[in-house]
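Please treat every number below as a calculation from the coordinates, not as lab data. Computed from a predicted model, the values in this text were never measured in an experiment. Note that we place each Cβ from the backbone using ideal geometry, even for glycine, and neighbour counts take in every protein chain shown.
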Amino acid sequence: GLKQICERGKIIVGMAPEYKPFEFKNKKGEIVGFDVDTAKKVAEILEVELEIKTYKWDKLMPALEKREIDIIISGMSRTLKRAKKVNFTDSYFKTGQVVLVSKKRANLGRYEELDKKGMRIGFVKKTTGEDVAKKYFKNVDIVPFDGETNATKALLKNKIDGFVIDKVFTDFFIKQNPDAKVLVGQLSKEDYCFAVCQGNSDLLIWLNYFIQESKSTGFFSTLYKRWFIEQAWK
């Protein structure tokens, strides 16, 4: 809990660093992004050291359950299914799932047009993208990936026809790959939250205060400007 973190003098945060601009490796191999700056701020206010442990996406929740980490800050959407295993804070970012296509399918308008035999739809395993893909696409071949990097490579090589992913990710991807586009229609509305171990109420309450204060002081707005608008990190 919170007391142990303060006594230890260190907070251990879990991330899956394949998700621009929330957490990713820059050209120097450092992990940077919106969530990294958020984690640094948490550590700074708690007056403890920050340690970031990195995992593949589907290993993040098990790491928290095994208490290898204190908290997940990694663009994770709060769902009722996940909340059976971990406790979520209030929302710090709002997003939703959309379908990203490459130049090959850029003639399509709405996402429904992809739902036919012979089409291949990708998603990252154990994400809300997987849940949404299975819900909306009944006639396609669905293709799981272990992270955004391999999924987008497959999309650009036309190995898949569409990739179900959070809208914020696509804004970036399209700036770097202008031939790609998002099909019309958002498939879900989601909240990104921090996750902590079940029963860790003191840490949960403190983090909710942190989120509330970060919104009211403009801290999150500053981060949004830095990572989404200025993009000085490129």
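Quick one: longest stretch of the chain between exposed loop GluC sites (Glu not before Pro), exposed meaning at most 14 other C-beta atoms within 10 Å and loop per DSSP?
Longest run free of exposed loop sites: 69-234.
Give me the Å³ per residue figure for the convex hull around the C-alpha atoms of the chain.
Measuring per residue, one finds 118 Å³ for the Cα hull of the chain.
Can you return the aspartates and glutamates within cross-link range of residue 138? Criterion is Cα-Cα under 18 Å, with same-chain partners fewer than 8 residues away left out.
Within the straight-line cut-off, residue 138 pairs with 112, 113, 115, 130, 161.
Residue 142 to residue 110: extension gain in nm, 0.36 nm per residue of separation minus the Cα-Cα distance?
Between residue 142 and residue 110, full extension yields an extra 9.7 nm.
Go through 25/167; 135/225; 94/181; 28/53; 117/181 and tell me which ones have a Cα-Cα distance over 25 Å in this structure.
From 25/167; 135/225; 94/181; 28/53; 117/181, over 25 Å: 135/225.
So what is the relative contact order of the chain, in percent, for Cα pairs below 8 Å that sit 6 or more residues apart?
27 percent
By how many degrees, 0 to 90 and rounded to 10, does the Cα axis of helix 201-216 deviate from the longest principal axis of the chain?
Taking Cα atoms only, the helix is inclined about 70 degrees.
Once amide H atoms are built 1.01 Å from N in the peptide plane, which residues 5 or more positions from residue 160, or in another chain, come under 5 Å H to H?
Here the answer is 155, since their amide H atoms fall under 5 Å of that of residue 160.
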